[in-house]
Amino acid sequence: MNIIYKISPTVSDDHLNILYASAWPNHSNQTFEEELSHALFYVCAYNNSQLIGFVKVIGDGTIHGFILEPTVHPDFQRKGIGSELLAHVENHSRELGLQYLHVDFESNLLGFYRSNGYEHTEAGLLNLHASE
Ligand SMILES: CC(C)(COP(=O)(O)OP(=O)(O)OC[C@H]1O[C@@H](n2cnc3c(N)ncnc32)[C@H](O)[C@@H]1OP(=O)(O)O)[C@@H](O)C(=O)NCCC(=O)NCCS
């Protein structure tokens with residue numbers, strides 16, 4: 001398996017929707033252009049031409065980067081690709097001069113983030129659409 005990792009390549013909605021639909025149970029097709037335009041950067045993982053991994057980082061561009069939606073296609077999970085995506089995030093964030101990377105996650109993924117060097121912190125979340 002020869003997985004190629006690319007920082008912020010041009011990526012189609014079709015490729016992202018296929019990957020998200022495979023890994024996120026409630027995903028419905030969407031356009032990604034606006035959210036990608038707000039990212040500091042994102043990382044794509046390819047097996048040949050198939051998009052099999054993705055993660056994006058948003059932030060203030062100077063100190064803080066927030067990791068959103070690390071995603072690995074189920075056929076390729078538990079092979080180290082999620083960890084490699086985070087390693088690329090870490091390396092590129094250092095190149096950009098960021099100091100902190102943040103991520104929030106459900107408790108079953110504590111081991112994944114700990115094994116990639118992340119401390120467990122408390123965080124806050126407000127759903128602005130909760131009453132809709
Ligand atoms: C979370 C995710 C990105 C991990 O990607 P991955 O390529 O499978 O991760 P890795 O192979 O690098 O895992 C490294 C280690 O983290 C831990 N880990 C990974 N996924 C785990 C899971 N679902 N549950 C518990 N531990 C997990 C394991 O210790 C694993 O090592 P092991 O396989 O030797 O036991 C992937 O499972 C995924 O896309 N899930 C669906 C989307 C999602 O929930 N994303 C996270 C949002 S915060």
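Read the figures in this text as sums done on the coordinates, not as results from a lab. All figures in this text were calculated on a predicted structure; none of them were measured in a lab. Quick reminder, even Gly has a Cβ in these numbers, built from the backbone with ideal geometry, and neighbours come from all protein chains shown.
Worth pointing out:
- Cβ-based net charge around N48, under 14 Å, with every Lys or Arg adding one and every Asp or Glu removing one: 0
- The range 1-105, relative contact order in percent, only Cα pairs under 8 angstrom and at least six apart counted: 25 percent
- Net charge of Cβ neighbours under 10 Å - reference L68; Lys, Arg +1; Asp, Glu -1: -2
- Packing-based exposure ordering (other Cβ within 10 Å, fewest first) of L128, L110, L40: L128, L110, L40
- Quarter of Cα convex hull surface for the chain, i.e. mean projection, nm²: 8.9 nm²
- Modelled spin labels at N48 and L128, positioned 7 Å past Cα toward Cβ, are 4.3 nm from each other.
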